[in-house]
Every structure is written in structure tokens, then in C-alpha cells.
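**Student:** Quick one: the structure is below, questions incoming.
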Amino acid sequence: MAKKNKILWVDDEIELLRAHIIFLNEKGYEVQTATNGEDAIAELKRAPCDLIFLDEMMAGLGGLETLAQIKEIDPAVPVVMVTKSEEETLMHDAIGSKISDYLIKPVHPSQILMVCKKFLESKKISVEYVAKDYLQDFNEISRKLYMDPDYDDWLEIYLKLVNWGMELDVHPEVDLKQTLAEQTKECNKEFSKYIEKNYKLWVNNEVEDKPDLTPQITEKYVLSWLKNSDGPLFYIVIDCLRLDQWLIMEKHLLDYFTIDKSYYFSILPTATPYARNSLFSGLYPSEIEKYYPDLWASGTDDEKSMNKYEKELLQLLLDRKKISLNSELKYMKIIDPEIGRAFEQNVLSHKKTHLFAIVVNFLDMIAHGRSDSDILKEIAPDESAYRSLTNSWFQHSSLFGTFKAIATIPNAKVVVTTDHGSIRTLRGSKVLGDKEASTNLRFKFGRNLKVDDKHAIFIKNPADYKLPKRGITISYIIAKEDYYFVYPTDYHKYLSYYKDSFQHGGISMEEIILPVITMESKI
């Protein structure tokens, strides 16, 4: 039999409330009474309770004085002040003394019951409704999977999965996380098939109905605004930002900005050297290689060698679109806290900068750092904890301080997006290739690449996917779902080392479906 919730009701006219007490007993609550503050304190010391109704006006020890002693004994117990007075100063005093709620006499049974349910049963009720609502969405997602979903359907599916992940963070007592993880895995399996079937059609403009892709984003959300305003516009690209991470960050920004969200699909591979260059240039990687060979470092695929010319690529995009800025284009890359703090302190000096592009690398560093740090793995062992780590970082970051500073600039606008997301990789796939093949875990290019085609897309002709050729016999493979590539040499060592790490470069909803946010300061 479930333990009854215990209520302590303190009132010097308790006999006048006997009907309420009988009513609560009938509803399954155990009610203890006291007629003064001293007896209430003695009762609380004798046995803890789950909720206290406390009269504000009592002889002897008054309501607020009793409340102070109650909080010394049990700071967590919810206390509902019951008062005849509606004076604002009294309410301020009571709230300042950490009451949980208050009621104005005369109280009605329905009010009392509502308060009891709020403080004693809200978690139970929430669990019931969360489970019911998830089951409804679970069935809706499952139904959509078998109805040939288009990109709008996939966006809706992914948003539901992300929102449920965050909802279950708030309700860990709802035992549905494994169910959600399994459904997300099934969705990524079908999403990989969808991308494999449609991506080549999109990038080659063989269909009209397609999602926004990386090359269109800067023109659509940044350049379109520049044509109609003098600025300032801060274009912030947060490397490796997932949608769930943005939603965590967004909650802290609602007091400072009006916020609009849209979404787009990243190009393949979902990796910085390809996606971010494409984002700034408004071109596919093969087009950058063709039109600006000096700005495309062939033969390597690391960020340092291939992302050195982001400012130049953005300026070339402005030139192609015949957009003249009122001031010189500004660009910076924030790769460590010192640079971030310096920019936070100086951002107000850019009130008249028409366009300032900023790349923020911290989330990418956290993702990669987690692979190499046992401490970070312990702090963020799963998706929920990874979101919590993001929240903790952002609240204390120079990026948050920078956002708050920008919000003080009249008419300032911010466009925030990312080049790709990341996925928690859980399954290894053995890959073969020449020793010159690239070392990336979620995509590779090189000669004689071989991998299970259930685990990856094989791209024999890079031009079909608007990728750089790199050589006549060079091909690409791009991992699907949550697979990661491991070479046969020391296979088990690296299989274990990279399992359960956050990676990017492949095909998953988390890596491909990305937010693009426009924010305007509220002042």
C-alpha cells in the first residue's frame, strides 16, 4: 500500500477548518494540525511532513516567524501561507521568506485540493501524461516512417525526437529513454536511406522540391538582410552545434532577443573542411575547387589547412552578389577562452560594423575532447548529460556574455547557425584502403576503399556529389547511422577507443538537420 502524503495544517482557528481536513482525509491525505507556531515547530521536529498550510495571523509566534523556523528545520518542505490580508507588502515578505504559494481566506476545498496536487502529486501526474503523450508521438513517428517521408516530414520527426529527449531529461523517472534511443536509431536507419536516395538529386538540381542546403544559407539569411539594413549584423557560426544544444542555449537568450528559427540540411560530408567552406562561400566544395583553386588546399582534409580562407570566401560571395558593405568585413575565429573573453569585452566597439562573421569552436572542442578525456566521458556519459554539459558551459561562457553585450546595441541583429552537428557513435565498421586514405572516422577518401555498404555510402564519382576529385582514382565513403570506420590495424584497440564518442562527417539526423536562427535585440 502506498504511503500517504502527510500535511501539517497550522491555524489558531483550526476547528473552523474541520470540514476541509475531513475532505483531505477522504482524498487520501494524512492531516496533522496545530493551533500555534510553537506546536507546529514541535510537531515538525517530531516527524517530517510533505506539505504545510500556515496561517499568517496567529497569537504568539506569528506566521512569518514560524516560517523562518520551519525553513531552518526542513528547507525543502513546501509551505503555503493562508492569510486574510491581500496587502502587497505582506506578499513580498512572505515570498522573500520562501513560501511556496499562498491562499486568501476564506479558502475553498477545490483550492486546497489543487494546492495539494500541485505539491504532492504533480510528479506522478506529469509522469502519467508524459508517458501517454510520448506513446502518442511514438506511434505517429512510426506511422510516418512507413509513408515515404519527405524532408518536411523528416524535420518534424527529428524535432519530435529532440523535444522528447529534452522532456525526458526533465522527467528521468519516466522509464522511456531506452525506448526513445531505439526509435531514434530506427529513424536514423530510414533517414540514411532517404539521404542516399535523394541527396544526389538535390545537389544537381534535378528536383525542384528540396530542402535548403548549406550553400544557400548565408545568402538567404545574412545577405538578404544586409541589402535592406545598415547593420550591425553579427554572423555567428558555432562549429558542431546540434539542435538540442541550441535549444538548451536558446532558453538563456529569450530575455534579450526576439528569436526566429528555421532549419536546413548540411552537405556531405558533414565535416568542417567541407561544410563550413560551403557555408561561407555559397558554393559546393567541387565549385570552390574549380573557381578558387588557390583557396582550396588539395590533398589534405584537416581544418587548419582547409579552413584558412573563410573570410576570403565570404568576401567573394559578397562580391558575386554585388553587395557593398558600409564598413570593412570583419571576421574572427574564437578557438580558446582568452580570445573569447577579449571579444566579449570589445564587442561594443563594433556597433557600426556592418557585418562581423565569427566562428566559435568550443563545442567542437568539447566533442573531440570527450573522446580523449576519461573525466569528460564520466561527466557526459550519454546524450542527456552531454546536453547538461553544454548548458553548464554556455552559462559561464564568453559566448553568452557576447550575446548579452550585443543585445544592448540598438537594432543589432544576430544570425546563428552551424556547419554540422554530431552523433554519438556506437557501432564500428571495418574499412580497407590504401595507406594514404584519410583518417576521418565518419567519412574517408582514398584509393581502393572497401566497407560494408549497409554501413556507408560509396561514392565512386565525387563530381556526382559536388565533391573535390582529388585524383582520378579517388573515391569517398560516408558512414550511415551511428557507424564509425576502423582500419584492420589494431582494430579492437581503436574500435573500443572511439566507441561511444561524438563524431561528425556522416549521415544522421543529428549531423544533417541543423538550425539557423535570427535574433534581434529587444531594445
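The values are calculated or read from the model by the stated rules, or taken from the named source; none is laboratory data. Quantities reported herein were computed from a predicted structural model and do not represent experimental measurements. FYI the Cβ positions are ideal-geometry reconstructions off the backbone, even for glycines, and counts take in every protein chain you see.
**Student:** Of all residues being of a type in the set (A, V, I, L, M) and part of a loop (DSSP other than H, G, I, E, B) in region 442-462, which is farthest from D374 (Cα to Cα)? Just the residue, please.
**Tutor:** L449
**Student:** State the number of residues belonging to region 224-237 that are surrounded by fewer than 19 Cβ atoms within 10 Å (Cβ to Cβ) and either free of Cβ contacts under 8 Å to residues at least 40 places away in the same chain or among the hydrophobic types (A, V, I, L, M, F, W, C) (or both).
**Tutor:** 3
**Student:** Hey, does region 295-305 have a residue that's crowded, with 22+ Cβ neighbours inside 10 Å and either β-branched (V, I, T) or modelled with pLDDT of 95 or more (or both)?
**Tutor:** no
**Student:** How many residues are crowded, with 19+ Cβ neighbours inside 10 Å and in a loop (DSSP other than H, G, I, E, B) when one looks only at region 257-294?
**Tutor:** Selection size over region 257-294: 9.
**Student:** Turning to a different aspect of this structure: Looking only at residues in region 54-79 that are among the hydrophobic types (A, V, I, L, M, F, W, C) and within 15 Å of A42 (Cα to Cα), which one is farthest from the chain's Cα centre (by Cα)?
**Tutor:** L61
**Student:** While we're on this one: With respect to the numbered conditions (1) assigned by TED's automatic domain parsing to the domain that holds I358; (2) surrounded by fewer than 23 Cβ atoms within 10 Å (Cβ to Cβ); (3) part of a loop (DSSP other than H, G, I, E, B), which one is the sole condition not fulfilled by C240?
**Tutor:** With respect to (1) assigned by TED's automatic domain parsing to the domain that holds I358; (2) surrounded by fewer than 23 Cβ atoms within 10 Å (Cβ to Cβ); (3) part of a loop (DSSP other than H, G, I, E, B), C240 is out only on (2).
**Student:** Within region 346-392, track down each residue that is assigned to a helix (DSSP H, G or I) and basic (K, R).
**Tutor:** R370, K377, R387
**Student:** With the requirement that a residue be farther than 19 Å from I238 by Cβ, modelled with pLDDT of 90 or more and either part of a helix (DSSP H, G or I) or not hydroxyl-bearing (S, T, Y) (or both), what does region 306-325 give you?
**Tutor:** E312, Q315, L316, L317, L318, D319, R320, K321, K322, I323, L325
**Student:** Tell me which residues, restricted to region 463-515, are in a loop (DSSP other than H, G, I, E, B), among the small types (G, A, S) and surrounded by fewer than 24 Cβ atoms within 10 Å (Cβ to Cβ).
**Tutor:** Selection gives G471 alone.
**Student:** Still on this structure, I have one more. Taking region 33-61 only, how many residues are part of a loop (DSSP other than H, G, I, E, B) and either touching a helix residue (DSSP H, G or I) at 6+ places or on another chain (Cβ under 7 Å) or under 18 Å from V115 (Cβ atoms) (or both)?
**Tutor:** So the answer is 8.
**Student:** Give the residue that is farthest from Q395 (Cα to Cα), with candidates limited to residues of region 219-277 that are aromatic (F, W, Y) and in contact with a Pro (Cβ under 7 Å, 6 or more places away or on another chain).
**Tutor:** Restricting to residues being aromatic (F, W, Y) and in contact with a Pro (Cβ under 7 Å, 6 or more places away or on another chain), the top hit is Y274.
**Student:** Additional query: Within region 227-237, does at least one residue satisfy the condition of being assigned to a helix (DSSP H, G or I), touching a strand residue (DSSP E or B) at 6+ places or on another chain (Cβ under 9 Å) and of a type in the set (A, V, I, L, M, F, W, C)?
**Tutor:** no
**Student:** Name the residue that is nearest to N277 (Cα to Cα), counting only residues in region 405-432 that are of a type in the set (D, E, K, R) and touching a helix residue (DSSP H, G or I) at 6+ places or on another chain (Cβ under 9 Å).
**Tutor:** Among them, the one singled out is D419.
**Student:** Inspect region 358-373 for any residue being out of contact with any helix residue (DSSP H, G or I) (no Cβ under 8 Å at 6 or more places or on another chain) and modelled with pLDDT of 90 or more and give the result as yes or no.
**Tutor:** Yes; the residues of region 358-373 include at least one that is out of contact with any helix residue (DSSP H, G or I) (no Cβ under 8 Å at 6 or more places or on another chain) and modelled with pLDDT of 90 or more.
**Student:** Only one of these is over 30 Å from D260 (Cβ atoms), surrounded by fewer than 19 Cβ atoms within 10 Å (Cβ to Cβ) and modelled with pLDDT of 95 or more: K430, K435. Name it.
**Tutor:** It is K430.
**Student:** Return only the number of the condition from (1) over 15 Å from the mean Cα position of the chain (by Cα); (2) crowded, with 19+ Cβ neighbours inside 10 Å that I366 does not satisfy.
**Tutor:** (1)
**Student:** Working carefully through the options L253, L226, L233, find the one that is aliphatic (A, V, I, L, M), modelled with pLDDT under 95, outside the structural domain of D464 (by TED's automatic domain parsing) and within 20 Å of V359 (Cβ to Cβ).
**Tutor:** Checking each option against the conditions leaves just L226.
**Student:** I'm told S327 meets every condition in (1) exposed (fewer than 15 other Cβ atoms within 10 Å of the Cβ); (2) within 16 Å of A405 (Cα to Cα) except one. Can you identify the failing condition by its number?
**Tutor:** Condition not satisfied by S327: (2).
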